[in-house]
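> Before I ask anything, let me first share the structure, which is written out below as structure tokens.
Since every read-out is calculated from the coordinates, none of them should be taken as a lab result. Just so we're clear, the structure is a prediction, and the values are computed from it rather than from any experiment. Note that each Cβ is placed from the backbone with ideal geometry, even for glycine, and that neighbours are counted across all protein chains shown.
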Ligand SMILES: Cc1cc2nc3c(=O)[nH]c(=O)nc-3n(C[C@H](O)[C@H](O)[C@H](O)COP(=O)(O)OP(=O)(O)OC[C@H]3O[C@@H](n4cnc5c(N)ncnc54)[C@H](O)[C@@H]3O)c2cc1C
């Protein structure tokens, strides 16, 4: 039987779960990670990793590995609907690296980041990872949590832990079973994701820049992944229905979006429309992120719209900070209360900012004209200045 004082169990080997596992392992905890998928890995596309998220990666000692599997674009070019040339170009590259004390703004494939975390987690003898877990049966006890992990064989694997952490994403069973029973809400937006060969995009756009397109009821983000010889494309559309079932047949076609009127974007996408996979976007807000000896991190606690590219970043910040607090404070109630107090105001603000961006990016005329007028006149660092509170943040400041 494991030493319950030094064992933490985690549901989910996603970005937040693996980050937490590595951080806890560094403090000498034994970590048991239970993942539903039968193999590590990630279906999906790209991720922007802003300096605040990169600080967590670097603090875990993964800077070199991540740098080799990511790319730092020079700028974000902003193209409003039907504009052939950008109205502004937000400086990134060296400029952002200097601004954020040597920490770059990068982009990567999700698998690049997950594999980097998985490779690191595998090196720890005190991280015990279980894939293909179909059921996590957790019961709170007076001083911890008693857990039974079951895979398809049905044979239970018992774990006695000081605490159980739900890093099981927006549909978190941990949240539903143990925190507040809340199911996620449809946000009214659908994402469409595809990867295109970098050569295809090179004919239309600079391949060392991120390109951001704004239009009525849609926006699109394209960024190069030169280490993968591909470009990540994410389109986002407003969806008129108030709700959408999780597995509802999505009778949607990106070919029908007003994006088709965008003469820069549309020719570039013409041969790619049938490759787009639609993802209805769900979100969740919770008043409390813990109950007893069970706590939530990442999307399980606060899945947000991806319009500020901060969901994974917030999950990594949560994970890093909670590991430090649990190492410093053996009483879960105190550690969890401190975690929520330090994290929730920031995450709430980022969540609101992400929703606000959706409204701004998808504006129609005449509001869109006013928006373009303002953005076209901003200095190339104005957007960074506005977002310094997100990117300059160091979740470990004064703690390590
Ligand atoms: C289109 C799009 C673009 C995005 N772009 C960005 C971006 O640029 N930058 C950024 O920071 N964020 C971005 N995000 C958000 C980001 O993807 C998420 O916030 C992040 O993946 C959340 O990580 P997580 O580990 O909390 O949850 P997840 O990534 O959902 O991981 C949860 C893990 O738990 C597992 N799991 C689920 N249920 C169970 C269970 N019952 N038992 C065991 N395991 C379970 C899952 O299989 C999964 O491995 C984007 C999201 C979308 C949709």
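> Within a 10 angstrom radius of the beta carbon, how do 299, 63, 143 rank from fewest other beta carbons to most?
143, 63, 299
> Under 10 Å, Cα contacts only: if you run a Gaussian network model on the chain, which one of 24, 113, 268 comes out with the highest mean-square fluctuation?
268
> Another one. In the chain, what % of DSSP beta bridges are antiparallel (nearest 5)?
DSSP beta bridges in the chain are roughly 70 percent antiparallel.
> Would you mind pulling out the separation of the Cα centroids of region 271-322 and region 363-400, in Å?
Centre-to-centre (Cα) distance: 21 Å.
> Please label the shape of region 42-172 as rounded, prolate or oblate, based on the square roots a ≥ b ≥ c of the eigenvalues of the alpha-carbon gyration tensor (a/c under 1.5 means rounded; beyond that, a/b larger than b/c means prolate, else oblate).
Prolate, since a/c reaches 1.5 and a/b exceeds b/c.
> Now for a separate question. Under the classification rounded if a/c is under 1.5, otherwise prolate if a/b is larger than b/c and oblate if not, where does region 293-332 fall, given a ≥ b ≥ c as square roots of the Cα gyration tensor eigenvalues?
oblate
> Next up: Sorted from fewest to most neighbouring beta carbons within 10 Å, what does the list 146, 354, 237 look like?
Lowest count first: 146, 354, 237.
> Shifting gears a bit: 222 nm [θ] for the chain, helices only, -39500 (n - 2.57) per DSSP H run of 4+, per residue, to 500? Before the final figure, lay out the partial values.
Values: 12 runs with 129 residues, N = 400.
When only DSSP H runs of four or more count, the value is -9500 deg cm²/dmol.
> Principal axes first, then extents: for the Cα atoms of region 254-331, list largest minus smallest coordinate on each axis, whole Å, largest first.
The principal-axis extents, from largest down, are 58, 20, 18 Å.
> Let me know the shape class of region 18-103, please: from the alpha-carbon gyration tensor, a ≥ b ≥ c as square roots of the eigenvalues, rounded when a/c is under 1.5, otherwise prolate if a/b is greater than b/c, or oblate.
Verdict is oblate for region 18-103.
> Separate question: Sort 279, 214, 389 so that the residue with the fewest other Cβ atoms within 10 Å of its own Cβ comes first and the one with the most comes last. Walk me through the intermediate numbers first.
Details: 279 17, 214 22, 389 13.
Listing 279, 214, 389 from fewest to most nearby Cβ atoms yields 389, 279, 214.
> Take every Cα-Cα pair in region 111-241 and report what % of them are more than 27 Å apart.
Considering region 111-241, 49 percent of its Cα-Cα pairs are separated by more than 27 Å.
> While we're on this one: Using all C-alpha to C-alpha distances in region 292-374, build P(r) with 5 Å bins and read off the rounded percent in each one.
With 5 Å bins starting at 0, P(r) equals 3, 14, 21, 17, 13, 10, 8, 5, 4, 3, 2, 0.
> Given a 10 angstrom Cα cut-off, can you work out which residue in 152, 182, 36 is the most mobile in a GNM of the chain?
So, out of 152, 182, 36, the one fluctuating most is 152.
> Based on a Kirkwood Rh over C-alpha pairs, give the Stokes-Einstein translational diffusion coefficient of the chain at 10 °C and viscosity 1.306 mPa s in µm²/s.
Approximately 73 µm²/s, per Stokes-Einstein.
> Report the relative contact order of the chain, percent, no decimals, based on alpha-carbon pairs under 8 angstrom and at least 6 residues apart. All intermediate terms of the calculation are to be shown ahead of the outcome.
Details: 814 pairs, mean separation 87.6, N = 400.
The normalised contact order for the chain reaches 22 percent.
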